[in-house]
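Okay, so here's the structure we're looking at.
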Amino acid sequence: MTSKFQQLLNDITNIGSVTGFKYFTLQLNGNEELLCSVLNNPLTTNCGHGFEFYNVNDTTSSNITVNDNKKSLKKSKPPLLSQASQTCLLKESGNIGTGLPPASPTESCTSDDGYTLFLIGAYPNYGRPYVWVRNHHDRFLTDPDFKNEINKDSPVRLRSSLEWYKRDIRIWDIIAELITISCRPVPRNPFAIDLDYYDNFPLVESTLSTGAAIRTLQDIVSYDHQYNDKVWDTLQQLTKRHFENLEAVVGNWYTNVPHPSTRKISSKPFIPT
């Protein structure tokens with residue numbers, strides 16, 4: 001296993017437990033799989049308030065079509081990898097085969113109806129990460145050739161997968177691309193945080209969660225992305241919230257610790273054992 005692939009597995013482990021993202025949720029599924037549920041239509045929920053989106057008709061950010069409400073955007077390439085492409089990619093990775101099926105069947109992956117569920121698989125024998133659609137296949141399988149059961153287990157055509165050996169690609173690049181191809185309209189900041197989400201948890205748990213999210217956002221902005229300015233804004237807001245929570249946690253701890261003058265001192269002599 002290469003160091004680059006090991007880094008991918010580490011990234012999956014680290015980001016898999018991070019919560020509070022506005023447009024997607026994550027769930028670890030073993031050591032090599034990450035389930036990513038992407039919100040289909042954020043404007044139909046409270047997510048649309050106060051957040052910026054790209055024009056829904058802007059297709060420059062992705063070469064994949066999403067078919068919503070019977071309005072198809074023009075697509076230049078099939079949304080899923082053909083069998084021939086899969087065979088070529090396997091040969092490029094030094095493997096032999098004719099297909100790239102996921103290790104986990106569709107039935108083992110579930111998500112809310114308003115989300116499209118993707119399975120991100122980092123299988124060492126495939127040589128690079130691939131992503132499979134696990135529900136709402138009708139949003140992507142618009143051509144007759146892609147409507148059979150076999151092709152439903154074909155990976156999605158993603159730039160982050162195809163250019164794996166050419167660029168320094170991290171797990172957040174894959175997730176950002178999934179937001180771009182699935183979320184309509186496309187948010188300008190795929191890693192926007194729902195600050196109200198953390199109000200649903202006890203103070204200590206909320207503080208730990210915001211700390212984990214801060215670490216992830218710091219990793220993201222350390223690389224060059226077109227959405228970095230928006231992520232920086234989110235990072236500042238989240239950091240402010242985190243330290244407010246941390247101050248409250250420390251304050252509560254000091255409040256509950258007895259003052260030295262009120263502590264009871266045992267009158268029994270100390271007898272060493």
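The values are calculated or read from the model by the stated rules, or taken from the named source; none is laboratory data. Model, not experiment: these values are computed from the prediction. FYI the Cβ positions are ideal-geometry reconstructions off the backbone, even for glycines, and counts take in every protein chain you see. Accessible surface is based on the protein model in full, side chains and every heavy atom, while ligands, DNA and RNA are left aside. Shrake-Rupley method; radii C 1.70, N 1.55, O 1.52, S 1.80 Å.
Listed conditions (1) in a helix (DSSP H, G or I); (2) modelled with pLDDT of 70 or more; (3) open to solvent by less than 40 Å² (accessible area, probe 1.4 Å) are all met by Ala84, apart from (3).
Taking Thr239 as the residue in question, decide whether it is surrounded by 15 or more Cβ atoms within 10 Å (Cβ to Cβ), modelled with pLDDT of 65 or more and at negative phi. Against the criterion (surrounded by 15 or more Cβ atoms within 10 Å (Cβ to Cβ), modelled with pLDDT of 65 or more and at negative phi), Thr239 qualifies. Scanning the range 215-236 for residues that are of a type in the set (D, E, K, R) and open to solvent by 80 Å² or more (accessible area, probe 1.4 Å) turns up Arg215, Asp224, Asp229. Tell me which residues, restricted to the range 202-233, are among the hydroxyl-bearing types (Ser, Thr, Tyr), assigned to a helix (DSSP H, G or I) and within 16 Å of the chain's Cα centre (by Cα). Across the range 202-233, the qualifying residues are Ser209, Thr210, Thr216. In a residue-by-residue description of the range 186-194, the property of being touching a Ser or Thr at 6+ places or on another chain (Cβ under 6 Å), of a type in the set (A, V, I, L, M) and modelled with pLDDT under 95 applies to at least one position.
Let's see how each residue does on (1) open to solvent by 10 Å² or more (accessible area, probe 1.4 Å); (2) among the polar types (S, T, N, Q); (3) in contact with a Ser or Thr (Cβ under 8 Å, 6 or more places away or on another chain); (4) at pLDDT below 75:
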position	(1), (2), (3), (4)
Ser108	yes, yes, no, yes
Tyr115	yes, no, yes, no
Asn148	yes, yes, no, yes
Glu163	yes, no, no, no
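Considering only residues in the range 1-25 that are free of Cβ contacts under 8 Å to residues at least 24 places away in the same chain and under 13 Å from the mean Cα position of the chain (by Cα), the one that is nearest to Thr207 (Cα to Cα) turns out to be Gly16. Across the range 189-214, the qualifying residues are those that are more than 25 Å from Pro42 (Cβ to Cβ) and in contact (Cβ under 8 Å) with a residue 40 or more places away in the chain, and the one among them that is most open to solvent (accessible area, probe 1.4 Å) is Val204.
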